[in-house]
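*Asks:* One structure is given below, represented as structure tokens, and several questions about it will come after.
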Amino acid sequence: MFPIGFRELQVDGHIHLRPKVVSQYLLDNMFEAGVQKLWMVLGKGKWDIMDYYSDGSQFGGQIAYLLMDKLWGMPYTLDQAYSWVKNSTVLFGMPDTIFTPSDTFAQLLAKHRETHADVTLGIFSTENPYKLSPVTLSPSGQVLDIVDKPAQTNVMNTWGCACWQPSFTELMHTYLADRVFSQEETTLTDVFLAALSAGLTVRGVHFTQGEYIDVGTPDDLVNAVHRFSKN
């Protein structure tokens, strides 16, 4: 719920500026792509998020909420929504990131439908792939490999958002059900790689003119505050 930049709010026929929280950039991008319902999975005590967004009507679409007692990791958080999204095309983004262009999801979804992929990743250039998840792509856009936080790499990008079909939702659900809990965290990259191994089509769209900021890191937080407070 950290505020970065401003949003316009109409009150009594007048436009007022109000602080814009980080996650709203993600919601704006999703709703611009035509998302019909947005599911937020929350941990205990995150009632301020529900209070802020309410039913979503003030932000461009419908928002529903799911709760988890324990957050085991990103894939398990996503799987919490399985019963509600298993038959739908899913757009996914992380609430502590900001990326451009503002129609990233609209472009990603269009390419996803055009190629009939099971999974399509939104990929952004970065100078710090070592902190992120660089993706090796074929010339045709097929994902060949993904590595989380590599010690060394020549691949100067990262995936930052995604779109997938029910085929991937089902694979993730089965993958997690079969997996024994361990000290080692299961990441979404693990599931993407499992999808590749299972023969699903995983593609990437590189937004070469786009920007990706992980507000969860101190340097990028400072960058985001300076970048979006000017708008």
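*Asks:* Counting only residues that are touching a residue at least 24 places away in the same chain (Cβ under 8 Å) and charged (D, E, K, R), which one in region 39-58 is farthest from residue 76 (Cα to Cα)?
*Replies:* Ranking the qualifying residues of region 39-58, first place goes to 48.
*Asks:* Restricting attention to region 93-120, which residues are in a strand (DSSP E or B) and surrounded by fewer than 18 Cβ atoms within 10 Å (Cβ to Cβ)?
*Replies:* Result: 100, single match.
*Asks:* Scan region 21-47 for residues that are modelled with pLDDT under 90 and touching an Asp or Glu at 6+ places or on another chain (Cβ under 9 Å) and report the count.
*Replies:* Of the residues in that region, 3 qualify.
Quick grid of which residues meet (1) under 22 Å from residue 30 (Cβ atoms); (2) not aliphatic (A, V, I, L, M):
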residue: 122; (1), (2): yes, yes
residue: 129; (1), (2): no, yes
residue: 145; (1), (2): no, yes
residue: 156; (1), (2): no, no
residue: 163; (1), (2): yes, yes
residue: 169; (1), (2): yes, yes
residue: 178; (1), (2): no, yes
residue: 191; (1), (2): yes, no
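*Asks:* Quick one: in region 172-231, which of the residues that are over 26 Å from residue 85 (Cα atoms) and of a type in the set (Lys, Arg) is modelled with the lowest pLDDT?
*Replies:* Ranking the qualifying residues of region 172-231, first place goes to 230.
*Asks:* Give me the residue from region 121-141 that is of a type in the set (A, V, I, L, M, F, W, C) and within 16 Å of the chain's Cα centre (by Cα) and, out of that set, surrounded by the fewest Cβ atoms within 10 Å (Cβ to Cβ).
*Replies:* 132
*Asks:* Right, next: Please name all residue pairs, on different chains or six or more residues apart, with Cβ atoms under 8 Å, provided the first residue is in region 81-95 and is on the phi < 0 side of the Ramachandran plot and the second residue is among the small types (Gly, Ala, Ser) and part of a loop (DSSP other than H, G, I, E, B).
*Replies:* 91/33
*Asks:* In region 68-92, which residues are within 15 Å of the chain's Cα centre (by Cα) and not in a helix (DSSP H, G or I)?
*Replies:* 73, 81, 89, 90, 91, 92 - these are the residues of region 68-92 that are within 15 Å of the chain's Cα centre (by Cα) and not in a helix (DSSP H, G or I).
This table checks each residue for (1) under 22 Å from residue 164 (Cβ atoms); (2) in contact with a Pro (Cβ under 9 Å, 6 or more places away or on another chain); (3) surrounded by fewer than 16 Cβ atoms within 10 Å (Cβ to Cβ); (4) modelled with pLDDT under 95.
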site	(1), (2), (3), (4)
63	yes, no, no, no
70	no, no, yes, yes
78	yes, no, no, no
86	yes, yes, yes, no
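The values are calculated or read from the model by the stated rules, or taken from the named source; none is laboratory data. These numbers come from a predicted model, not from an experiment. Virtual Cβ from ideal backbone geometry, glycine too; neighbours counted across all protein chains shown.
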